[in-house]
Structure formats: structure tokens, C-alpha cells
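Working notes, structure below.
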Amino acid sequence: MKVCVACETRFEGEEWRCPHCGWLAPQSQGRIALLRDATGPIDGFRAEYFEELARCEGGNFWFESRNRLIVWALRRYFAHARRFLEIGCGTGFVLSGIRREFPELALWGSEAFSQGLAFAEQRVPGAVLFQMDARHVPFESEFDVIGAFDVLEHIEEDELVLSQMFRAVKPGGGILLTVPQHPFLWGPSDDYALHKRRYRKADLMAKVVRAGFSVVRVTSFVSVLLPLMTFSRMKQAATRSRYDPSAELRLGRFVNMSLRKALDWERIMIERGVSFPVGGSLLVAAVRRCPTPL
């Protein structure tokens with residue numbers, strides 16, 4: 001069900017025109033913009049990052065390993081899903097990986113920046129893509145699964161985003177999240193990415209539960225590389241004035257392959273039921289709780 005961006009009226013239909021107040025979704029660069037103001041400033045990211053991401057994601061050990069973990073979690077915890085929305089889909093790299101593994105799944109992708117959607121359109125033809133502010137998700141009980149992959153840390157009002165996801169997902173459906181973990185790993189790369197926070201596991205789980213979800217799986221990942229990651233962050237802090245934000249994406253073939261194999265092993269352990277207590281990132285799968293009968 002659609003929810004009017006202007007007056008919160010619920011309505012059905014193909015067209016984004018509210019039958020109550022007449023609000024009509026504007027077009028931004030030929031795409032639907034489910035925003036009150038499609039031209040207003042958006043905090044938490046820089047649009048110029050998308051071109052570099054689109055160039056570096058394919059073949060990079062971290063992006064590819066995260067994709068494989070997301071695909072596994074989607075199959076493991078939401079095998080019967082038919083409608084999937086990714087909030088903050090960026091260049092469409094995750095959606096393209098999901099499309100390859102789940103060709104029957106109806107894919108929707110939202111992004112606050114229309115520049116990211118230009119890349120996503122090329123990577124995931126046929127997906128429904130639109131501009132949207134994650135703090136205002138204009139749907140109710142619409143999707144089987146909603147994903148947000150390294151998105152929440154960019155938004156100050158992360159609990160508001162989780163509550164919006166709760167409203168938009170169907171009863172019995174759920175969410176998949178990935179976020180950066182451990183405040184002690186904060187460094188210039190977080191500043192450059194405009195992160196608001198790195199998460200502690202207990203804090204994120206509490207926020208997910210307060211939003212109305214039941215956590216069915218939580219595990220750290222990028223765990224086997226945590227010592228290397230810690231050293232890298234310490235080095236970044238010591239050489240802050242010479243920090244190169246693209247250095248972590250420009251890896252030699254041997255190094256990239258070695259790191260990918262390490263994360264492949266880690267994923268196999270997660271698939272076998274191991275939940276790592278520490279790691280550079282967190283994966284959370286949670287289901288929307290049904291209301292308790294009175």
C-alpha cells in the first residue's frame with residue numbers, strides 16, 4: 001500500500017497521486033522522486049562518490065564478499081520472499097547480485113541521490129528504482145524483505161529509519177542490515193564517508209527490537225581481518241594529513257584474492273552456524289513481530 005508523502009493518506013493504484021490531497025510524485029531526471037522536496041539538500045553522503053564506487057565495486061574483495069553474505073542470508077531467512085526493497089541502493093551493486101541469484105524476485109531500489117540511480121538503472125534493468133529519503137518510506141505492509149546495507153550509519157535518525165522499515169514490511173516479513181562495527185575502529189575513512197557512528201552490537205540490536213522486530217540472526221563479519229583492519233585504522237590516524245580515501249579500493253590482484261579467500265572461509269563458518277563476536281561489520285536479520293492479541 002502506498003502512503004502519501006504529503007498527508008500520510010493510504011491508497012492503492014499504479015499512479016503516485018494521492019486521492020485525498022492531490023499530491024503527485026514529482027519527476028527528477030526522469031525518475032519518480034518520493035520526496036517532499038526533490039531538489040533539497042541531503043546529508044550523509046556525497047553524490048560524487050558514486051562514480052568511484054561504480055568503478056571499484058566489481059572485483060573488490062569486500063564488496064563481493066558482502067554481496068555473497070547478503071545473498072546467503074536472504075535465502076536462509078527469507079526463502080519465500082517475493083518483493084524486495086533495498087533502501088540506499090547506491091549504484092545497484094547489491095541489487096545486481098540479488099538479481100543473479102533470485103531472478104524471480106521483484107526488486108525495488110531507493111536512493112536519496114538520483115546520481116546513484118543512474119548507475120543502478122544500467123546494472124539492474126527492470127528493477128523499480130526511485131528517489132527516496134530513508135527517513136520517510138511511503139509504503140505500508142508492501143514488501144516481504146527490506147534491506148539497508150551500510151546505510152544506517154550515514155543517518156542521524158537511524159531509529160526513525162528502522163520504524164519506517166517496520167511500517168513498510170509485511171507482517172511476517174523482515175529486514176536485513178549491514179553496518180560498520182566497533183567505535184574504536186573510527187578513523188579518517190569514516191570521516192570521509194560521512195558516517196555518523198560505528199555500531200556496538202548491543203546498541204543496534206536494541207534499536208531493532210524497539211522498532212518492533214525480533215532478531216533471528218546477528219553476527220559480526222570481516223572478523224578474520226579485524227587485526228589487519230585495526231592496524232590500518234591506526235596507520236590512518238597517524239598519517240591523517242596524507243589519507244588517501246581510494247587506497248583501500250586499489251588493491252593488487254594477489255592481496256585482493258587473498259582477502260577474498262579469507263572472507264569466503266569466514267562466510268562458510270557463518271553458514272554453518274558460527275556467529276562471530278567481533279569484526280569490522282555486523283549482519284542482522286530480523287522479522288516483523290505480529291501484534292500481540294488483546
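Any residue in the range 32-53 that is modelled with pLDDT under 95, assigned by TED's automatic domain parsing to the domain that holds VAL161, in contact with a helix residue (DSSP H, G or I) (Cβ under 8 Å, 6 or more places away or on another chain) and over 28 Å from GLU156 (Cβ atoms)?
No, the range 32-53 has no match at all.
If you go through the range 94-116 one residue at a time, how many are aliphatic (A, V, I, L, M) and outside any helix (DSSP H, G or I)?
As a first pass, look at the range 94-116 and keep what is aliphatic (A, V, I, L, M): 94-95, 98, 105-107, 112.
Imposing the further condition that a residue be outside any helix (DSSP H, G or I) reduces the set to 105-107, 112.
Total satisfying the criteria: 4.
Looking at ALA106, ALA134, which is the one that is modelled with pLDDT of 95 or more and touching a helix residue (DSSP H, G or I) at 6+ places or on another chain (Cβ under 9 Å)? Outline the logic, then answer.
Values: ALA106 fails: touching a helix residue (DSSP H, G or I) at 6+ places or on another chain (Cβ under 9 Å).
Unique residue meeting the criteria: ALA134.
Go through the range 123-151 and give me each residue that's without any contact (Cβ under 8 Å) to a residue 40 or more places away in the chain and farther than 21 Å from ARG100 by Cβ.
ARG135 - this is the single residue of the range 123-151 that is without any contact (Cβ under 8 Å) to a residue 40 or more places away in the chain and farther than 21 Å from ARG100 by Cβ.
Here are some residues: GLU121, GLU64. Which one is acidic (Asp, Glu), within 28 Å of ARG250 (Cβ to Cβ) and within 15 Å of the chain's Cα centre (by Cα)? Break it down stepwise before answering.
Details: GLU121 fails: within 15 Å of the chain's Cα centre (by Cα).
Result: GLU64 is the single residue among GLU121, GLU64 that is acidic (Asp, Glu), within 28 Å of ARG250 (Cβ to Cβ) and within 15 Å of the chain's Cα centre (by Cα).
Tally up the residues in the range 116-132 that are surrounded by fewer than 19 Cβ atoms within 10 Å (Cβ to Cβ) and more than 20 Å from ARG82 (Cα to Cα), please. Even if it seems obvious, please write down each step before you answer.
Taking the range 116-132 as the starting set, the residues that turn out to be surrounded by fewer than 19 Cβ atoms within 10 Å (Cβ to Cβ) are 121-122, 125-126, 128.
Narrowing the set further to residues that are more than 20 Å from ARG82 (Cα to Cα) leaves 121-122.
Residues flagged as surrounded by fewer than 19 Cβ atoms within 10 Å (Cβ to Cβ) and more than 20 Å from ARG82 (Cα to Cα) within the range 116-132 amount to 2.
Is it fair to say ALA79 is among the aliphatic types (A, V, I, L, M) and either part of a helix (DSSP H, G or I) or crowded, with 17+ Cβ neighbours inside 10 Å (or both)?
Working: among the aliphatic types (A, V, I, L, M): yes; either part of a helix (DSSP H, G or I) or crowded, with 17+ Cβ neighbours inside 10 Å (or both): no.
No; evaluated as a whole, the condition is false for this residue.
Looking at (1) polar (S, T, N, Q); (2) in contact (Cβ under 8 Å) with a residue 60 or more places away in the chain; (3) under 25 Å from SER65 (Cβ atoms), which one does GLN115 not meet, given that it meets all the others?
(3)
Report yes if GLY90 is more than 18 Å from GLU57 (Cα to Cα) and part of a loop (DSSP other than H, G, I, E, B), otherwise no. Break it down into steps so the answer makes sense when it comes.
Values: more than 18 Å from GLU57 (Cα to Cα): no; part of a loop (DSSP other than H, G, I, E, B): yes.
Here the answer is no, as GLY90 does not meet what is asked.
Every residue, every condition in (1) in the same structural domain as ARG31 (by TED's automatic domain parsing); (2) out of contact with any strand residue (DSSP E or B) (no Cβ under 9 Å at 6 or more places or on another chain); (3) surrounded by fewer than 22 Cβ atoms within 10 Å (Cβ to Cβ), yes or no:
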{"residue": "GLY92", "(1), (2), (3)": "no, no, no"}
{"residue": "GLY97", "(1), (2), (3)": "no, yes, yes"}
{"residue": "SER114", "(1), (2), (3)": "no, no, yes"}
{"residue": "ALA134", "(1), (2), (3)": "no, no, no"}
{"residue": "GLU142", "(1), (2), (3)": "no, no, yes"}
{"residue": "VAL145", "(1), (2), (3)": "no, no, no"}
{"residue": "LEU160", "(1), (2), (3)": "no, yes, yes"}
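Do we find that GLY59 is farther than 26 Å from ILE268 by Cβ and assigned to a loop (DSSP other than H, G, I, E, B) in this structure?
Numbers: farther than 26 Å from ILE268 by Cβ: no; assigned to a loop (DSSP other than H, G, I, E, B): yes.
Spelling it out, it is not the case that GLY59 is farther than 26 Å from ILE268 by Cβ and assigned to a loop (DSSP other than H, G, I, E, B).
Could you please give the count of residues in the range 162-189 that are buried (at least 17 other Cβ atoms within 10 Å of the Cβ), in contact with a helix residue (DSSP H, G or I) (Cβ under 8 Å, 6 or more places away or on another chain) and not in a strand (DSSP E or B)?
Going through the range 162-189 one residue at a time, the tally reaches 5.
The values are calculated or read from the model by the stated rules, or taken from the named source; none is laboratory data. Note that this is a predicted model, so its numbers are computed, not measured. No Cβ is skipped: glycine too gets one built from the backbone with ideal geometry, and neighbour counts run over all protein chains shown.
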